[in-house]
Amino acid sequence: DAESASSEQNAPKVPVRIIDLRLQKMLFSYEVQTRDSVKLRLYGTIFWQVKDVGKMAKQTADPSGDVWQHSRSSLIQATSGKTLDQFRNSFNNVTMEAFNMQAADGFYDLRGVKVESMELTRFECVDQRTAEVLQQIIEETTNRINRLEAQRSQNDVQAAALAAQIML
């Protein structure tokens, strides 16, 4: 609209003297939902960098905000296709899927920036009741693994004893 265009032209210009072209580190905390409607909070780090100052200046006034929002959107999309169990068993693959999805869509190239990597450092359930159930599942899985290892050890001892008896 003409009124907003004229107000943009009349707005005072702030000269930019320095644009940091070094690799930038951005921490994130996103709330996402799995396919089975479990709300999770994902914590992680995004490493990104300005690659083309001209493109960046023409396309965006907030490159870090664009990186934050687009990465969030990619993680939401990748997570929403997985159940909680699928996410728990392969959250690094989900992060890689989100990273590859956003790297291929041209969004960052258009803005003159590049996302070098996106890492998920931890996640937690938003709902306390779900977190408690998840903790119980983790504990039971750990107990089952421990019982299996104890049984394997006992079987190894019995096998060695049987082999010794056969030798005698």
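The values are calculated or read from the model by the stated rules, or taken from the named source; none is laboratory data. Everything quoted here is computed from the prediction, not taken from an experiment. Neighbour counts are summed over all protein chains in view; Cβ atoms, including those assigned to glycine, are modelled from backbone coordinates with ideal geometry. Surface accessibility is based on the protein's heavy atoms, side chains included, excluding ligands, DNA and RNA. Shrake-Rupley method; radii C 1.70, N 1.55, O 1.52, S 1.80 Å.
Taking (1) of a type outside the set (Gly, Ala, Ser); (2) in contact (Cβ under 8 Å) with a residue 12 or more places away in the chain; (3) over 30 Å from LEU21 (Cβ atoms) in turn, ASN93 satisfies each apart from (2). Is it the case, given these coordinates, that SER80 is over 18 Å from THR34 (Cβ atoms), hydroxyl-bearing (Ser, Thr, Tyr) and open to solvent by less than 70 Å² (accessible area, probe 1.4 Å)? It is false that SER80 is over 18 Å from THR34 (Cβ atoms), hydroxyl-bearing (Ser, Thr, Tyr) and open to solvent by less than 70 Å² (accessible area, probe 1.4 Å). Taking first residues from region 104-130 that are on the phi > 0 side of the Ramachandran plot and partners that are of a type outside the set (Phe, Trp, Tyr), the Cβ contacts under 6 Å between residues at least 6 apart in sequence or on separate chains come to GLY112/LYS51; GLY112/ASP52; GLY112/LYS55; GLY112/MET56.
Of all residue pairs spaced 6 or more apart or on separate chains, those with beta-carbon atoms under 8 Å, a first member in region 27-41 that is without any contact (Cβ under 8 Å) to a residue 60 or more places away in the chain and in a loop (DSSP other than H, G, I, E, B) and a second member that is open to solvent by less than 10 Å² (accessible area, probe 1.4 Å) and hydroxyl-bearing (Ser, Thr, Tyr) are THR34/THR79. Among the residues of region 59-70, those that are part of a helix (DSSP H, G or I), over 14 Å from LEU21 (Cα atoms) and either free of Cβ contacts under 8 Å to residues at least 24 places away in the same chain or open to solvent by less than 60 Å² (accessible area, probe 1.4 Å) (or both) comprise GLY65, ASP66, VAL67, GLN69, HIS70.
When restricted to residues that are charged (D, E, K, R), part of a helix (DSSP H, G or I) and surrounded by 15 or more Cβ atoms within 10 Å (Cβ to Cβ), region 42-58 contains 1.
Checked against (1) without any contact (Cβ under 8 Å) to a residue 40 or more places away in the chain; (2) more than 21 Å from LEU23 (Cα to Cα); (3) small (Gly, Ala, Ser), SER80 meets all criteria but (1). Within region 149-166, take every residue that is of a type in the set (S, T, N, Q) and surrounded by 10 or more Cβ atoms within 10 Å (Cβ to Cβ) and give me the one that is nearest to ARG88 (Cα to Cα). Among those residues, the one meeting the criterion is GLN151.
Among the residues of region 8-60, just one is over 32 Å from the mean Cα position of the chain (by Cα), polar (S, T, N, Q) and either at pLDDT 90 or above or within 26 Å of GLY112 (Cβ to Cβ) (or both), namely GLN9. Out of ASN93, ASN146, one residue alone is open to solvent by 70 Å² or more (accessible area, probe 1.4 Å) and closer than 18 Å to LEU40 by Cβ. It is ASN93.
Summed over region 106-130, the residues that are of a type outside the set (Val, Ile, Thr) and under 23 Å from ARG35 (Cα atoms) give a count of 10.
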